[in-house]
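Reviewing the structure listed below.
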């Protein structure tokens, strides 16, 4: 294990690096240190040090005769012998007694193997030398002491060359004479000796130590030297570390001589310092200075590594104690002559290069070292302009750091030297701490510019620009945030921030009061929006061009809290989101009909409501001017306040409820302002009666000059005639139906109401299209939901002064159906079909965009009047729906999956053979079997189902029922399978719970119902077909749908047996669903249809259709339709 002292370590590093590395070590920043021992005097260390980042170190430590040599590489910006390297070495020393480092033998070339085996420390060699000196009296005996049995041996003679510090080694074969003295030497070639060693030839003149020396000399030679001694018998020179090791070995043999063996052998002595100094002399141009190494006739240098000095007067070789390497000492001999006028700059550059601790300064200079304890980050907010116009001008931060008041640039050296008048500053930067400050900028959306882009910026100065945002003004918005808020947060963290005169970025907040001027012409009106920037400026700035531009840049949901608009270069108008959002929503609604960039917004009377939206928005502070009549109309459209209460005509027979009177008033209001709309009240709330009261009032007022056309399903023809006879007996009604209906065509004008059906419209189109009716009323208007059907197109082509749609479900499946109804009522009100899909339908249905749904709802609201039972019947308690899910047990799951796979194959075969539309029976059979498995395997008439005794849903039901009964609940249980009700019945009997049952086979219905309503039974089992409609069971407060049906309206009708007028208790509706089965898909289909409807008019969808269409079948079974 290689050992060294902290003092030795300190000598290998400059004071700043050692001090900071010691701090890192004391702070515990050093991770695990690994050591690989290369040899007795060599090892490598690897470590990890945590600063702002984690840096990795690889360090080579070698013990030389003069001390230790350290070569440390690091992944930090300094990269070599930095503070991180110091910290790792200190950690190694601290753990040296207790760490079990991993030894690895490394394979080196042969010379290194020799060095590892025979190398000795300098101190041990000196002690051996002293011992030999004490026990030897004669030089001749000393030389031959190790070779008393050898008559001949190799002498190593050192010879100077013409090159300063270069020494050759001449190998001579000699020996002792019998009578004393040396034999005449014979020259040997290094190459010849190496050949003998390589081929294993033995020699009486060489011992193992000689072999080691020869190998070291051979390995230490450069390629040029090796060529010389191999082919021209040149002598090898002493070079580098291997040359030093060879020299030490030669000295230890006592057979190493200077020039001749007659001069006595050389010995290794103690280290001596080298005293570099500046010599001053005079020249014709003045004083000159030159760096010199002291020398005399008896001493000279040998440029091994370490460098050594030969003292010929004492026959001693001394290692030189110096921080300069051999190559650096060589260059001292070539040091330039420095003139007096250049001396100060040379002196500064010597400090700047970091050599001042190795080479004396020519001038006495005070050097002040500044550590990184006091750092202030500095940023100057500036605007940089490229004079060459190669790069665009940018707003940016000019960055620097202040170390004790001295400003340095980010791209300066890590150790920075600054020349002042009377001293030199050396600043040791703390890059980690600087990095922490720079992270502040990154957190505030800045990024750093590549250096050297702008010629006006020094190459060492770093610039930081704001990150570019997605939206065009997002970058400017970030600058606003920085200037108004983030800047001061940074100053609290220690930043010094200044603003350059070159920087101009102003943000103007307009006056809070905005102006809207209204002009009206016939059925059109226009709005002009203006803002003022300040009180002193009377000029106005049109707002609509700004708003129009924003619509091209942002989606409504992505509008920032503040919108910036460039008024002039470097000057931005700040518009708060809450003030512009109502106008943006208005523009979004009218995007197709409003030219972008206009200063005036021209609208039709259909869009009058937008005025009220603006007038009632609390965020807006609007000063209105111009024709304000449209504003009053808009208020009436918005909330019916101010709409005159209509009084039914005396000819109307009957009494309208309050909400029906409001409905009549609304119809009168639409007629007065030439609007059309949808009366969408719940079924049973009297849409027919309100329509008849409206027609009667129009007739009495003599505004109705032509008949009204009412189009309804065939099944409602007699109902309309009967209701008209009851409530408006004075109106003449004609049912244009039957094969002989053409007989009355010539007498249409004699009637007030013409009743026709949807199928007959196209058949009678030729006669109907010739008449301009006063009102066209579509009952169950969802019949024209398919805008492309002939019937829809035919009805829309008919002429009338007014139009009215009656339906509880303006939309059943998708928003395109709603568009079709409004396309009949007010063509263009929702745009054309294509623009409606892109603006409303796709964002709502595909993207589930709540904001667009809200905008559409607001747009149709004035022209759609809907009252639900909950709204108009206050005594009706709320209804709560709860979904209970359960999972199959393994056996039931296997049965379900087996049937599913079997039926899937059968369905695919049927579709392939007959097509999807002709495969309904096969598909419905599959649906039936899968639904039966979900309910109870006993329902499935298959042999494999009989072995399955588990029913997850039955277990869930029988867990719920006892607790509910104990709480005193009265329960209705609905199922579409009477056989399922029988299974439930057996389970209830087993639990001894009172019940009654109603199915299609029940004969005494009244007795069964009476048994439940009287309180004798706690549970009422009802088949969906037998009891889904027509029953009044307000005694019940709990409804359980054991199996779901695809249409929620069907289930809602069943639930309404309990949830209806007269109910005085909360009603809880439970739906039992098996997870990961067809039932979940049914539930999803219900929710999709319901949510789609709720988003527009807030209520349930129609229950008209009792059949699954092709799309529903594909969705339920996951069938992919093939072309």
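Read the figures in this text as sums done on the coordinates, not as results from a lab. Computed from a predicted model, the values in this text were never measured in an experiment. Counting neighbours? That spans all protein chains shown, and the Cβs are built from the backbone with ideal geometry, glycine included.
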field: Bridge type composition, the chain - antiparallel percent by DSSP, nearest 5
entry: 55 percent
- request: Return the distance in nm (one decimal) between the two label points of a simple spin-label model at residue 5 and residue 393, each offset 7 Å from Cα along Cα→Cβ.
  value: 6.6 nm
query: Under 17 Å from the 7 Å Cα→Cβ point of residue 1076, by amide nitrogen: which residues of the range 888-909?
result: 888-901
- prompt: If you line up the long axis of helix 920-935 against the longest principal axis of the chain, both from Cα atoms, how many degrees apart are they, to the nearest 10?
  reply: 70 degrees
message: Could you compute Rg(Cα) / (2.2 N^0.38 Å) for the range 6-106, with N its residue count?
response: 1.00
message: Kirkwood hydrodynamic radius, computed over distinct alpha-carbon pairs, for the range 368-504: how many Å, to one decimal?
response: 16.0 Å
- prompt: residue 367 to residue 1088: extension gain in nm, 0.36 nm per residue of separation minus the Cα-Cα distance?
  reply: 251.5 nm
query: Efficiency by 1/(1 + (r/R0)^6): what FRET value for residue 496 and residue 32, r their Cβ-Cβ distance, R0 = 45 Å, to the nearest 0.05?
result: 0.70
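What ranking, highest mean first, results for peptides 557-569, 790-802 when packing means the other Cβ atoms within 10 Å averaged over each residue?
Ranking, from highest mean packing down: 790-802, 557-569.
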query: In the set (i) 33.2; (ii) 41.5; (iii) 38.7, which value of Kirkwood radius over Cα pairs in Å was calculated from the structure you see?
result: (ii)
message: Give me the extension gain from residue 623 to residue 578: residue separation times 0.36 nm, minus the current Cα-Cα distance, reported in nm with one decimal.
response: 14.5 nm
- line: Expressed in angstrom and rounded, the centroid-to-centroid distance over alpha carbons for the range 996-1028 and the range 882-943 is 30 Å
- prompt: How much length, in nm to one decimal, is gained on full extension between residue 891 and residue 1004, taken as 0.36 nm per residue of separation minus their Cα-Cα distance?
  reply: 36.7 nm
task: Would you mind calculating the relative contact order of the chain from Cα pairs under 8 angstrom and at least 6 residues apart, reporting the percent as a whole number?
output: 5 percent
statement: Rounded to whole angstrom, the alpha-carbon centroid of the range 1062-1087 lies from that of the range 731-780 at a distance of 44 Å
- request: Calculate, for residue 533 and residue 80, the FRET efficiency according to 1/(1 + (r/R0)^6) with r their C-beta to C-beta distance and R0 51 Å; round to the nearest 0.05.
  value: 0.25
Nearest-0.05 FRET efficiency for residue 928 and residue 950, computed from C-beta distance (R0 25 Å): 0.75
query: Using the C-alpha gyration tensor of the range 786-920, what are the square roots of 5 times its eigenvalues, in whole angstrom, with the largest one first?
result: 39, 26, 16
- prompt: For the chain, what does -39500 (n - 2.57) per DSSP helix run (n ≥ 4), summed and divided by total residues, give at 222 nm, in deg cm²/dmol to the nearest 500?
  reply: -10500 deg cm²/dmol
Radius of gyration and Dmax over the Cα atoms of the range 272-364, both given in Å: 14.7, 44
statement: Cα-based Rg then Dmax for the range 879-1117, in Å, read 18.3, 56
query: Simple spin-label model, 7 Å along Cα-to-Cβ: residue 989 to residue 328 in nm?
result: 10.8 nm
